[in-house]
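The values are calculated or read from the model by the stated rules, or taken from the named source; none is laboratory data. Predicted, not measured: the structure shown is a model, and the values here were computed from it. In this analysis, Cβ positions are derived from the backbone assuming ideal geometry, glycine residues included, and neighbour counts consider all displayed protein chains.
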Amino acid sequence: MNDVWHPSQALLIRTKDQPDGDIPAVAVNLANAVMYGVINSILAIPGIYGYAVIVFGHEDFTDFIPVLSKLIIFSCVIHQVVFTLLSSLPFAVGQVQDAGLIFLGVMATSICNSLGEDVAPTAKVTTSVVIIGIATALLGICLVVMGRMKMAGFASYLPIPMIGGYLAFIGTFWLYAGIALCTGLPVNNVESMVRALSKVHGVLLCVPGCLGGLFFLVVSQRCNNSFILSGAIVAVPVAFFFIMFVSGISMDDARAGGWIDPVQDPATVTDLVNLFDFSQVHWGLLPKQWGTWLGMVFIVAFGSCLDIAAIEIEMGTKLDFNHELKTVGWSNIVSGLLGGYTGSYIFSQTIFTYRSKTNSRVVGICVALSEIGVVLAPVSVMSNLPRFFFAATVIFIALDLMVEWLVLTYWKMSRREYAVLWMTFIAVNFMSLDLGMLIGVGIAILNFLLDHVRVPVVNHKQCLSTAVRTVMEQSILEQKLEAIAYFELRGLLFFGSSAQILDIIQKAVYVRKLQTNMNQRDVSRSFAGVKEGEVYSSDTHFTPEANQEYNMQCLDGSPTPRPDTQIQNQLSIFARFNFSPLHALLDLPIYFKSLAICDQQLHECNRKVLRSTFHISFLNMNWYKPC
């Protein structure tokens, strides 16, 4: 047997395949994990300050942004610790995620608007923070229950165009947050954005943030290596301070110009604890958030399942969706009970760490330690770094979401699905979030019905019998072949398919044209054929065939294709179902009855319509198109 651990084999194996006792290899792996942990921290922390602006965009929260920002960072620490401990993926990165933050922001704004001007801002902040924490914990309980009941697959029933419209809407919120970070003004809608950009100085403050966001977007799309993106993020503040040094601009001058936040006391752990003064909570506002919370449950569950699916595809390994969904649930439970916010897997950073081959939980520990260091730091980060640095990371996410879902999906979806996406996006922006999402679901359902109505479900063809018959019987069948219509129905049959089915049957059944001067006796002598072709006029029964005029039409009144169908006095319609017909064909007897072409034999159709094959036979009936 070859000794694979022999020194001669050292260059033939990877570092991670060497024995655990190899101290240099362990040290290299540990250093690699720490490095990737630091890089993930650089990618995550700047955008967290944008989360605070998204959730607490109302003007009543302006003075509390520093402490609220640290509360969100503390929530990120909780999520990362839980994911590091419970996830089956040792390289998992779990943080506060934007999918649920929009709903939390709607809750916070609704609470401030409901309390009005008479309530103190501290009471508004406390009420918002406590209710958001309860909503997050309840969300986590729902996700854990879904995971235990193996219901992770149900989240995929939400229509993708509707989800795309919502994600594009998240992009607009990120854009508002980026402009708010640049200008230092509250921006949470189009009106406030226009007001913030109404002055030249406000536009000037936003230019570096927008250019930085565009620069990050180009780097992320052109370079697959996340080292380059993290390096670009670090380069922005370095370049800013270099320009300040060369130009002789001091920190006070930069603060006076609005490029850096004014000096303020840093938020401490005591300030975080003081946010939860339960005596100031207005509990009556909690039930009013029910509708928003319900939408958040579906969206976060769907988004988490999408993240897990994307990670599974990248790894090429089957993952237990229900276990991972329970991990997300427990993370939100702990975060909510400690006053935190909704979170989930961060797909991009998890994949980045997986590609590094750093199969270690040290990465998650490093991210958590970096974030807890920011929470405990006795300085205000916003007062020492340029505003547009944080804004650039936020605008980068905004551009990425909006370009991906509002532009690039044009070539990835059907035109109607693309229209559904845009209508959902417009509805959510100009109406409430709950109503806009509901409208998006309704439009998606309507689009689904239109798609399936257009799918062919009827195949009109001839079918040979499998029964053994005598020559005489076969001869009779051949003579009566034109009196038999055979339809094969397949696919999804529902009430929307009935119009298509009836239209095809009408095209297959021929009747004599009803002349305006025909009397009842002429009508009673008119019969129908059922093959492609025309038959003879009702007023020429005793005219030689060469002199007869063809005056036939389809049952719907359209002309027949060919004038070679023989007169038949019996019509038989056979239909075979490959799937359950549901209620689609229950309209057939009603339709024939409305045309007055059948009588007591309708009960045969009603009795047999729910079987796999049904037969309608009309003997010696007068087929005609009524007036």
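Please state which one of Ile102, Ile78, Ile65 is in a helix (DSSP H, G or I) and at pLDDT 90 or above. Walk me through how you get there before you give the answer.
Numbers: Ile102 fails: at pLDDT 90 or above; Ile65 fails: at pLDDT 90 or above.
After applying the criteria, what remains is Ile78.
Restricting to region 243-271, what's the tally of residues that are under 41 Å from the mean Cα position of the chain (by Cα) and on the phi < 0 side of the Ramachandran plot?
Residues that pass the stated criteria total 10.
Considering only helices (runs of 4 or more DSSP H) fully contained in region 298-397, which possess at least 2 residues that are among the hydroxyl-bearing types (Ser, Thr, Tyr) and out of contact with any His (no Cβ under 7 Å at 6 or more places or on another chain)?
347-355
Enumerate the pairs (first residue in region 236-247 and touching a residue at least 24 places away in the same chain (Cβ under 8 Å); second residue anywhere and aromatic (Phe, Trp, Tyr) and assigned to a helix (DSSP H, G or I)) with beta-carbon separation below 6 Å, excluding pairs fewer than 6 apart on the same chain, so at least 6 apart or on different chains.
From residues that are touching a residue at least 24 places away in the same chain (Cβ under 8 Å), the pairs are Val236/Phe389; Pro237/Phe389.
Looking only at region 430-440, decide whether some residue is over 14 Å from the mean Cα position of the chain (by Cα) and either acidic (Asp, Glu) or closer than 12 Å to Ile160 by Cα (or both).
Yes.
Is it the case that Ala180 is of a type in the set (Gly, Ala, Ser) and either over 16 Å from Val300 (Cβ atoms) or at pLDDT below 90 (or both)? Step through it out loud before you land on a result.
Numbers: of a type in the set (Gly, Ala, Ser): yes; either over 16 Å from Val300 (Cβ atoms) or at pLDDT below 90 (or both): yes.
Yes: the conditions hold for Ala180.
Quick check on region 373-388: of everything there that is surrounded by fewer than 16 Cβ atoms within 10 Å (Cβ to Cβ) and small (Gly, Ala, Ser), which residue is nearest to His201 (Cα to Cα)? Spell out how you get there, then give the answer.
We begin by selecting, within region 373-388, every residue surrounded by fewer than 16 Cβ atoms within 10 Å (Cβ to Cβ); these are 373, 376-379, 384.
Narrowing the set further to residues that are small (Gly, Ala, Ser) leaves 373, 377.
On the way: Gly373: 35, Ala377: 32 Å.
Among those residues, the one meeting the criterion is Ala377.
Does Phe242 count as surrounded by fewer than 16 Cβ atoms within 10 Å (Cβ to Cβ), among the hydrophobic types (A, V, I, L, M, F, W, C) and at pLDDT 90 or above?
yes
Could you give every pair whose Cβ atoms fall below 9 Å, whose first residue belongs to region 486-499 and is over 12 Å from Val455 (Cα atoms), and whose second residue is of a type in the set (Val, Ile, Thr) and at pLDDT below 70, counting only separations of at least 6 or pairs across chains?
Tyr486/Ile573; Phe487/Ile573
Filter region 312-343 for residues that are of a type in the set (Phe, Trp, Tyr) and either under 27 Å from Val67 (Cβ atoms) or touching a Leu at 6+ places or on another chain (Cβ under 7 Å) (or both) and give the result. Can you show your working first?
Step one: filter region 312-343 for residues of a type in the set (Phe, Trp, Tyr), giving 321, 330, 341.
Once the filter is applied, which keeps residues that are of a type in the set (Phe, Trp, Tyr) and either under 27 Å from Val67 (Cβ atoms) or touching a Leu at 6+ places or on another chain (Cβ under 7 Å) (or both), region 312-343 yields Trp330, Tyr341.
When region 191-206 is examined, which residues are found to be in contact (Cβ under 8 Å) with a residue 40 or more places away in the chain and surrounded by fewer than 20 Cβ atoms within 10 Å (Cβ to Cβ)?
If the condition is that a residue be in contact (Cβ under 8 Å) with a residue 40 or more places away in the chain and surrounded by fewer than 20 Cβ atoms within 10 Å (Cβ to Cβ), then His201 is the only one that fits.
Does Val38 satisfy the condition of being touching a helix residue (DSSP H, G or I) at 6+ places or on another chain (Cβ under 7 Å), at pLDDT below 75 and either in the same structural domain as Arg361 (by TED's automatic domain parsing) or surrounded by 16 or more Cβ atoms within 10 Å (Cβ to Cβ) (or both)?
Considered against the rule, which asks whether it is touching a helix residue (DSSP H, G or I) at 6+ places or on another chain (Cβ under 7 Å), at pLDDT below 75 and either in the same structural domain as Arg361 (by TED's automatic domain parsing) or surrounded by 16 or more Cβ atoms within 10 Å (Cβ to Cβ) (or both), Val38 comes out as no.
Restricting to region 68-95, count the residues that are surrounded by fewer than 21 Cβ atoms within 10 Å (Cβ to Cβ) and farther than 13 Å from Ser331 by Cα.
Within region 68-95, residues that are surrounded by fewer than 21 Cβ atoms within 10 Å (Cβ to Cβ) and farther than 13 Å from Ser331 by Cα number 2.
Return yes when Gly209 is in the same structural domain as Lys357 (by TED's automatic domain parsing) and surrounded by 17 or more Cβ atoms within 10 Å (Cβ to Cβ) and no when it is not.
yes
Could you give me the residue pairs with C-beta distances under 6 Å whose first residue belongs to region 294-310 and is closer than 13 Å to Asn322 by Cα and assigned by TED's automatic domain parsing to the domain that holds Ile160, whose second residue is in a helix (DSSP H, G or I) and among the small types (Gly, Ala, Ser) wherever it lies, and which are 6+ apart or on separate chains?
From region 294-310, the pairs are Ala301/Ala155; Phe302/Ala155; Cys305/Ala152; Cys305/Ala155.
Kindly provide the set of residues from region 450-472 that are at pLDDT below 80 and either surrounded by 13 or more Cβ atoms within 10 Å (Cβ to Cβ) or part of a helix (DSSP H, G or I) (or both), ordered by number.
Listed by number, the residues that qualify are Asp451, His452, Val453, Arg454, Val457, Val458, Asn459, His460.
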